[in-house]
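The values are calculated or read from the model by the stated rules, or taken from the named source; none is laboratory data. This one's a predicted model, so the numbers in the text were calculated from it and none came from an experiment. Using ideal geometry, Cβ is built from the backbone for each residue, glycine included, and neighbour counts are taken over all protein chains shown. Heavy atoms of the whole protein, side chains included, go into the accessibility calculation; ligands, DNA and RNA do not. Shrake-Rupley method; radii C 1.70, N 1.55, O 1.52, S 1.80 Å.
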Amino acid sequence: MGVAMKNGTHLCLNHPAARRADYCHFLCSYSLIVLQEPLPEQSRSIDPRDAWMLFMKQSNKGVNSKKRDKGKSKKFKFGLPGPPGPPGPQGALVTPEELLKDFRLLLKGTVVKERERMNLKACEGCQEGEEEEERGEDDILALVAGPLAKSKPQHRVEAAFHCRIRRNISIERRSLQELRIYYIPQKEGVFHRGLGLNLTSGQYTAPVAGYYTFTATLHIVHGEQQKKGQQRARDRLRVLICVQSLCQHNISLETVAGLDSSELFTISVSGVLYLQAGQYASVFVDNATGSSLTVRSGSDFSAVLLGV
């Protein structure tokens with residue numbers, strides 16, 4: 001549908017330009033062009049209002065129809081997705097320790113800036129004040145960075161034990177004797193993890209090769225009441241933790257003590273030994289005195305695997 005003009009042109013109202021919102025401007029411009037041309041006497045004038053009303057009536061048809069489903073949005077169809085692009089370069093590996101170190105430096109710089117902002121200037125002869133400020137900074141760093149440090153995965157102890165001698169053990173004079181018959185007390189703080197502890201023989205066999213820390217604490221009682229004049233200078237008592245029961249051949253932990261004048265005394269030995277998997281360690285008492293001794297029940301023997 002269209003409107004015929006006297007100059008021979010034909011204006012189609014379905015033209016795309018006619019569907020624009022600025023068609024009024026288009027129609028007015030076109031009318032001016034037509035009015036500038038000489039019109040024949042028998043030409044009929046075009047009423048702009050009628051043309052506009054006709055345009056509005058025709059604009060509700062076709063693609064501009066109000067009967068179209070407004071709820072459906074226009075969908076665009078695309079082709080199949082292309083192949084994924086190449087992976088980007090791998091970023092630098094940052095360990096939690098490095099992150100914690102950077103955070104501590106950043107926090108320390110913040111504390112220093114805050115102190116400068118508060119105009120806390122160091123004075124001559126007030127070293128104690130500077131030390132207090134440094135301790136204060138360390139306390140703040142420990143308070144804030146402490147939980148971050150705790151979030152680090154902790155090392156798991158794979159092998160450890162703590163046991164005690166079950167009954168009194170008599171050690172004859174001038175003799176070397178291995179201590180046996182232990183038990184694990186049912187008390188708070190006692191630990192036993194992993195395999196290798198033989199409570200009957202008193203030997204601990206290393207489940208894996210590594211560094212082990214051993215401790216033995218023995219409570220000793222004189223078997224016979226000695227007179228002060230009977231003690232000799234060479235009388236001594238040794239407590240050893242030996243590997244494979246070869247105290248002279250293999251490395252061992254050792255403590256040497258003279259006899260105490262009191263009836264009951266305590267002697268301890270501790271240290272670190274490296275054991276191969278399958279090797280064992282045990283406690284020995286070397287009684288190099290002229291009288292028998294008694295190791296009291298409740299004496300301790302313990303070990304912890306430090307690392308491999």
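How many residues does the range 193-214 hold that are modelled with pLDDT under 95 and open to solvent by 70 Å² or more (accessible area, probe 1.4 Å)?
Total meeting the criteria: 2.
Kindly provide the set of residues from the range 259-296 that are in contact (Cβ under 8 Å) with a residue 24 or more places away in the chain and loosely packed, with under 13 Cβ neighbours inside 10 Å, ordered by number.
Ser261, Glu263, Leu264, Thr266, Val272, Gln276, Ala277, Gly278
If only one of Val308, Val272, Val285 is at pLDDT below 95 and closer than 30 Å to Lys187 by Cα, which one is it?
Every option except Val308 fails the conditions.
For the structure I just gave you, tell me whether Ser297 is outside any strand (DSSP E or B) and at pLDDT 95 or above.
Here the answer is yes, as Ser297 does meet what is asked.
If you take the residues in the range 232-256 that are open to solvent by less than 30 Å² (accessible area, probe 1.4 Å) and among the hydrophobic types (A, V, I, L, M, F, W, C), which one is farthest from the chain's Cα centre (by Cα)?
Within the range 232-256, the match that is farthest from the chain's Cα centre (by Cα) is Leu237.
Quick check on the range 103-125. Is at least one of its residues modelled with pLDDT of 75 or more, open to solvent by 80 Å² or more (accessible area, probe 1.4 Å) and under 30 Å from Gly307 (Cβ atoms)?
Yes, the range 103-125 contains a residue that is modelled with pLDDT of 75 or more, open to solvent by 80 Å² or more (accessible area, probe 1.4 Å) and under 30 Å from Gly307 (Cβ atoms).
Suppose we filter the range 172-192 for residues that are more than 23 Å from Thr294 (Cβ to Cβ) and either open to solvent by less than 50 Å² (accessible area, probe 1.4 Å) or out of contact with any Ser or Thr (no Cβ under 9 Å at 6 or more places or on another chain) (or both); how many remain?
Number of matching residues: 6.
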